[in-house]
Amino acid sequence: MNIAVRYYTRSGNTKKLADAVASAIAVEAKEVASPLTEKADILFLGCSYYAFDADAEVKRFITENKDNIGKIVCFGTSAMMRSMKKPIKKVADAVGVAVADEEFHCRGEFAKFHKGRPNEADIAEISEFAKNIVNK
Ligand SMILES: Cc1cc2nc3c(=O)[nH]c(=O)nc-3n(C[C@H](O)[C@H](O)[C@H](O)COP(=O)(O)O)c2cc1C
């Protein structure tokens, strides 16, 4: 099974999760600027909310790489929201890409809120999450 990790980050919060996934399942984490060069049966896709939506670069990544994505497993951070699935599914559905029910989402530091998140507990949790997905 081929697995890939891609993420988008502005202040580094989601990169912390991406690096944890990468180290848990021994796959390199790359930014969404890096296209998929071969089919990923599972794509761990990390991103966050900025003004109630995912960044356009993330959406473009899905559209442009749709033929190389088996299934997306979302992960991400945000200050208030609890899931990235809605904006990701909207784009994925439009181009016929599957999105897994399972997802990891946690708080991400923003201004004076959620200092230090993702923290060690978040990193431990997403590491377990990623291992469970690939060993399913
Ligand atoms: C310009 C901007 C807009 C944001 N809008 C939202 C939002 O609408 N909802 C939310 O829950 N968090 C919002 N946040 C908080 C980020 O989603 C949060 O800090 C996240 O962890 C950032 O991840 P990153 O460091 O990987 O970019 C916003 C942050 C910024 C900088």
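Coordinate-derived values only; no laboratory data. All values derive from a computational prediction rather than experimental measurement. In this analysis, Cβ positions are derived from the backbone assuming ideal geometry, glycine residues included, and neighbour counts consider all displayed protein chains.
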Listing I69, I133 from the residue with the fewest other Cβ atoms within 10 Å to the one with the most, what is the order?
I133, I69
Can you tell me the dipole magnitude for the chain around its Cα centre, using point charges on the Cβ only (Lys, Arg +1; Asp, Glu -1), in Debye to the nearest 20?
360
Do any of K86/K115; K85/K131; K39/K136 go past 23 Å between their Cα atoms, and which?
K86/K115
Using a 10 Å cut-off on Cβ atoms, rank the peptides 108-121, 51-64 from the highest mean neighbour count down.
51-64, 108-121
Could you work out the relative contact order of the chain, using alpha carbon pairs under 8 angstrom and six or more residues apart, expressed as a whole percent?
25
Links that overshoot a 26 Å alpha carbon limit, given the list K15/K66; K30/K112; K90/K112:
K30/K112; K90/K112
For C47, C74, which order do you get if you count the other beta carbons within 10 Å of each Cβ and list the fewest first?
C74, C47
Please report, to one decimal in angstroms, the Kirkwood hydrodynamic radius of the stretch 3-134 built from all distinct Cα-Cα pairs.
14.4
Return the single residue from K66, K16, K86 with maximal mean-square fluctuation; model: Gaussian network over the chain, springs between Cα atoms under 10 Å.
K86
